[in-house]
Amino acid sequence: MGALAEAYKHSLLDKQPIPLDYGSVRTLPESHIWLDQSDESPYVAHSTGPISPPVIDLMDPDAPRLIIQACETWGVFQLIGHGIPTKLMEDVESEAEKLFGLPVDQKLKALRSPGGGAGYGLPHISPFFNKHMWHEGFTIMGSPIYHTRQLWPQAYQGFCETMVDYQNQLKALTEQLIRIIFKSLNINSEEVDWLKDSQGSSTALQLNSYPACPDPTRAMGLAPHTDTSLITILQSKTSGLQVFKEGAGWILVQPIPGALIVNVGDFLHILSNGVFTTVRHRVVVTHIQRFSAAHFYAPPGDVIVSPVMSKDFGEVPRYRSVSVKGYVETKGKHFEKALSLIKK
Ligand SMILES: O=C(O)CCC(=O)C(=O)O
Ligand SMILES: [Fe+2]
């Protein structure tokens, strides 16, 4: 089982209820009101600030330097010139729209089984919050056929072909970015077996829907978190994602048409000895439904992640070495405290 599947298995999700039938709700239920959670209230920052994450063209000869700089200063950037066909990105969005547009009884046929990471359900981070998020998701790990057939016993093929093609292309793009980043860390990609053979690494594709919300200033689409990945690549044509920037607060990321949003995850943060920022992010909701697709990439579970030591990344390790599996378990139990628990 891949490390990400393991992560979801260890989450306490089985104790959680199923997503709301959003189509039938006219007012925000008490269970979904986040306003009281003071500094985390989404109400405080709906507008774009004076600063925003950099936009980088992968075809630019200076892209490697800009990517490293963005990983350090923001932990997130928008990527253009990435080579993922626009048509494929549009197909992913329209297939997600079709899926989440199904009647609730139909969607529940693909509900995640207890201990299973794939299928329809609440956000994986739900167990760590006492309020519910205005969100429904569909998680794909490996082949999507099993759950998709439960949704569309006959017409599952179009959805599956689109998602498999997207997963393959995003995995290759992620590995291209990892090679660029590893060079700066002085890691020889040729010596990293799981990267060289593209074997064993663990990926998940998370389709997110944030339904039209009757009271957006009091609801939370996706609560603040960092990703348990090396790198995450996100697509959404609608704004809603906010990233936390020290000294500036929550910044709305305004998607550039056709761009992908790349963010640093916890494993890259550890590997870079804390120099690359694992960016805290969240999603705010509006009166209009929003879709996104997040592609997570983590090394195989038995890989040991240790901070690199150098002049640029520090000569004293800030984190203990951890196995991917071990860290995933710690995150599954302690969520946002996980990184501080492995601090030296
Ligand atoms: O929907 C988004 O913009 C962000 C999704 C996200 O952060 C996640 O799935 O981990
Ligand atoms: Fe995320």
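The values are calculated or read from the model by the stated rules, or taken from the named source; none is laboratory data. Worth saying up front: this structure is predicted, and the values here are computed from it rather than measured. We place every Cβ from the backbone using ideal geometry, glycine too, and count neighbours over all the protein chains shown. When the accessible area is computed, the model is the full protein with side chains, heavy atoms only, and any ligands, DNA or RNA have been set aside. Shrake-Rupley method; radii C 1.70, N 1.55, O 1.52, S 1.80 Å.
Tabulated values for the structure
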{"item": "Sorted peptide list for 119-126, 282-289, criterion being average Cβ within 10 angstrom, highest first", "result": "119-126, 282-289"}
{"item": "Simple label model, 7 Å out from Cα along Cβ direction - residue 109 to residue 217, nm", "result": "4.2"}
{"item": "Sorted peptide list for 238-248, 199-209, criterion being average Cβ within 10 angstrom, highest first", "result": "199-209, 238-248"}
{"item": "Within the stretch 288-314: backbone nitrogen closer than 12 Å to the residue 198 label point (7 Å, Cα to C-beta)", "result": "none"}
{"item": "Environment charge at residue 70 (Cβ cut-off 14 Å; Lys +1, Arg +1, Asp -1, Glu -1)", "result": "-2"}
{"item": "Contour minus Cα-Cα distance for residue 186 and residue 311 (0.36 nm per residue)", "result": "43.9 nm"}
{"item": "Packing-based order for 261-272, 178-189, using average beta carbon neighbours within 10 Å, highest first", "result": "261-272, 178-189"}
{"item": "Potential extension, residue 130-residue 256 segment - 0.36 nm per residue separation minus Cα distance", "result": "42.0 nm"}
{"item": "Computed over the stretch 88-240, Kirkwood Rh from alpha-carbon pairs, angstrom", "result": "17.3"}
{"item": "Percent carbon-and-sulfur accessible area, the stretch 109-250, ignoring ligands, DNA and RNA, probe 1.4 Å", "result": "48"}
{"item": "Vicinal HN-Hα couplings computed from phi for the stretch 284-293 (Karplus, 6.51 cos²θ - 1.76 cosθ + 1.60; Hz; Gly/Pro x)", "result": "9, 10, 9, 6, 10, 5, 10, 10, 8, 10"}
{"item": "FRET efficiency for residue 80 and residue 168, using Cβ-Cβ distance with R0 set to 22 Å, rounded to 0.05", "result": "0.60"}
{"item": "Computed over the stretch 197-285, Kirkwood Rh from alpha-carbon pairs, angstrom", "result": "14.5"}
{"item": "Distant-in-sequence amide H partners of residue 56 (H built 1.01 Å from N, under 5 Å)", "result": "78, 79, 80"}
{"item": "The chain - convex hull of alpha carbons, volume per residue in Å³", "result": "129"}
{"item": "Candidate residues 73, 139, 330, 27: accessible-area rank, largest first, probe 1.4 Å", "result": "27, 73, 330, 139"}
{"item": "Relative contact order for the chain, counting Cα pairs under 8 Å that sit 6 or more residues apart, in percent", "result": "24"}
{"item": "Pairs beyond 30 Å (Cα-Cα), from 131/171; 183/331; 237/344; 131/325; 98/196; 171/344", "result": "131/171; 237/344; 98/196; 171/344"}
{"item": "Förster radius 45 Å - calculated FRET efficiency between residue 24 and residue 340 (Cβ-Cβ, nearest 0.05)", "result": "0.60"}
{"item": "Proximal aspartates and glutamates relative to residue 337, as straight alpha-carbon distance under 17 Å, when same-chain residues fewer than 8 apart are discounted", "result": "40, 227, 266, 329"}
